[in-house]
1. Output the pairs from LYS40/LYS91; LYS19/LYS56; LYS12/LYS115; LYS56/LYS91 with a Cα-Cα distance over 21 Å in this structure; if there are none, say none.
2. From the Cα gyration tensor of the stretch 2-113, with a ≥ b ≥ c the square roots of its eigenvalues, which class applies: rounded if a/c is under 1.5, or else prolate if a/b is larger than b/c, or else oblate?
3. Determine the percent antiparallel among the DSSP beta bridges restricted to the stretch 2-113, to the nearest 5.
4. Taking 7 Å along the Cα-to-C-beta vector as the label spot, tell me the LYS42-THR114 distance in nanometres, rounded to one decimal.
Amino acid sequence: MKERRREIDDIKITGFFDKDTTINGDLKFHGSFRIDGDFKGKIQSDSVLIIGENGKVEADINIAHIVIDGEVEGNIRASERVEINSNGRVKGTILTPKLIIEEGAFLEANCQTTKDIGQPEAPARPEFETDNTDSET
C-alpha cells in the first residue's frame, strides 16, 4: 500500500480542477491531471488521471492510469490500471489489464480485465493553420 501511495505522490500534477469548478466538454492532456470539481464530457490522455475526494466525473474516459477517490460515472478504458480507493465510487463500464479496488469502495460496473487494450492515443498538439491566399473584395 505504501509503495502505491509513494508512486502517486511522485507524479507531477500538470493540471488541476478545484472543488468549486464545473466544466463540460472534452479534456485532453499530457502529464498527469487531478479533478476535484465537477466534469462532464470526454477525457483522453496517455498519462495519469486522479479523481480527488470532491471530484464528480460523468465521462467517457480513455486513459493510461486512473486513481479514483471521488465519483465516476461512465465508461473507463485504461491501458495500464484502474485504482478505486476506499472513498471511490464508480458506476459504468471498466476495461483494463489491472483493476485494484480497496475495501469500502463502491463499484456498480461491468468490468473486464484484459491485456489487449492498447495504449490510448496521446492528445494531438494544437496545430495552427495560416491562410496564404489573398482574397479580393
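Laboratory data are not the source of any read-out in this text; all were calculated from the coordinates shown. What you see is a predicted model, and the numbers here were worked out from it, not measured in a lab. When we count neighbours, we look across all protein chains shown, and the Cβ atoms used for this are built from the backbone with ideal geometry, even at glycine.
1. Cα-Cα > 21 Å for LYS12/LYS115; rest within.
2. rounded
3. Antiparallel: roughly 0 percent of the beta bridges in the stretch 2-113.
4. 2.1 nm
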